[in-house]
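Below is one structure, written out as structure tokens; the observations come after it.
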Amino acid sequence: MMPDFDQVGQPAVQSIRVDATVPAVMLDHVTKFYGQVIGLNDVSLAIGGGVTGILGQNGAGKSTLFKLLVGRLKPSKGSVRLFGVDPWRNPAPYSRIGYVSEGEKLYDWMTGHEFVATLARLYGFTRDEAGARADHVLDFVNLSDVAHKQIGKYSKGMRQRVKIAHALVNDPDLIVLDEPLQGCDPVARTTIMNVIREIGSMGKTVIVSSHILSEIERITEQIVILHNSRLLALGNLHKIRSLLDKHPHRILLRTDEPRHLAAHVLPLEAIHGVRFPLPGELELQTNDLNSVHSALPSLIRSSNIRVSAITNPDDNLESLLAYLTEGRS
């Protein structure tokens, strides 16, 4: 686990006391204009403690939200509070934030240790303190074995992890991660997801964005959905999914005997229709995904029919947004 650091060498700004009863982030009717374009439209929300996923397609407003949180942008309307403080009046909250932007370039000629330690020095720590902190956070993100290797020789997953390490070097209470899994291979994704979950388990507030539903589901159930620069939904992902059960869901099975398998599946009460979209495919239509998925393994075994794949074509952000926006203008 990442150790707690002593609070030394803080920046020369008015300090703040982190109150666990006050949300780390509060937005009150926040709007951000880029000229005539709206980047974020009348968003109000409060986030505190654990991991919260920000879901939205490209252009939904995720990066604008994050830039407002870390002080890169100022709201056109409304207010942002960090730990209950207006950072545009007192910048102290920024010293309690770690931030990983989506497209930030790194100093490829530096080693991972040099990069993280340099960032620690900018927070006011001595050379020895900065080196110790760099060691701790690089170990936490599983980069100790390549800490003294040039960043330019890192894989995409390593580069993302060294960015997370630099965001943790000041022992922040709020960590903001903009698309940290983008471009990573499956092994790197799993490592980064484990790191994010562990940070959240320490009582930190972690806000992580993605446009891939399954990624966020593997990290947290607490989500905020942005769509067309507006707040579309927030809360527990499983509760939001349960609201969608009034809509038909599809389960796609790949098999050499789709019609024979359909005959075995149709007696299930939760199945209200089947289709054969392509040769070797059976599509089930249901309003109760959990019930069907629970019954399928034993049913397939008893049928002696080989099934090579089971997927959920509707199990993605695009379908979720379509369900949530149905009937809205």
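One table, with the values for the structure above:
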item	result
Selection count, segment 279-308, where residues are at pLDDT 85 or above and open to solvent by less than 70 Å² (accessible area, probe 1.4 Å)	17
Lone qualifier among R254, R250 - being surrounded by fewer than 16 Cβ atoms within 10 Å (Cβ to Cβ) and on the phi < 0 side of the Ramachandran plot	R254
Any strands (runs of 3 or more DSSP E) falling wholly within segment 264-329 and containing at least 3 residues that are over 24 Å from L213 (Cα atoms) and without any contact (Cβ under 8 Å) to a residue 12 or more places away in the chain	none
Members of segment 105-117 found to be out of contact with any Lys or Arg (no Cβ under 7 Å at 6 or more places or on another chain) and either of a type in the set (D, E) or at pLDDT 95 or above (or both), listed by number	D108, W109, M110, H113, E114, F115, V116, A117
Residue in segment 219-236 that is among the charged types (D, E, K, R), at pLDDT below 90 and either within 30 Å of F125 (Cβ to Cβ) or within 18 Å of the chain's Cα centre (by Cα) (or both) present	yes
Residue list for segment 39-57, filter: open to solvent by 10 Å² or more (accessible area, probe 1.4 Å), over 9 Å from L27 (Cβ atoms) and touching a His at 6+ places or on another chain (Cβ under 8 Å)	D42, Q57
Yes/no for R161 being in contact (Cβ under 8 Å) with a residue 24 or more places away in the chain and surrounded by fewer than 21 Cβ atoms within 10 Å (Cβ to Cβ)	no
Test: residue in segment 138-150 that is touching a strand residue (DSSP E or B) at 6+ places or on another chain (Cβ under 9 Å), open to solvent by less than 50 Å² (accessible area, probe 1.4 Å) and farther than 25 Å from G59 by Cβ	yes
Test result for S63, at pLDDT 95 or above, of a type in the set (S, T, N, Q) and within 24 Å of L232 (Cβ to Cβ)	no
Cβ-Cβ under 8 Å pairs, at least 6 apart or on other chains, segment 112-135 side among the acidic types (D, E), far side in a helix (DSSP H, G or I)	E129/A120; D135/H113; D135/S144
Among the candidates V80, V100, residue that is surrounded by 15 or more Cβ atoms within 10 Å (Cβ to Cβ), free of Cβ contacts under 8 Å to residues at least 60 places away in the same chain, under 19 Å from T64 (Cβ atoms) and among the aliphatic types (A, V, I, L, M)	V80
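The values are calculated or read from the model by the stated rules, or taken from the named source; none is laboratory data. Model, not experiment: these values are computed from the prediction. Positions of Cβ are generated from backbone atoms using ideal geometry, with glycine treated the same way; all protein chains shown enter the neighbour counts. Remember, those area values only see protein heavy atoms, side chains included, never the ligands or the DNA or RNA. Shrake-Rupley method; radii C 1.70, N 1.55, O 1.52, S 1.80 Å.
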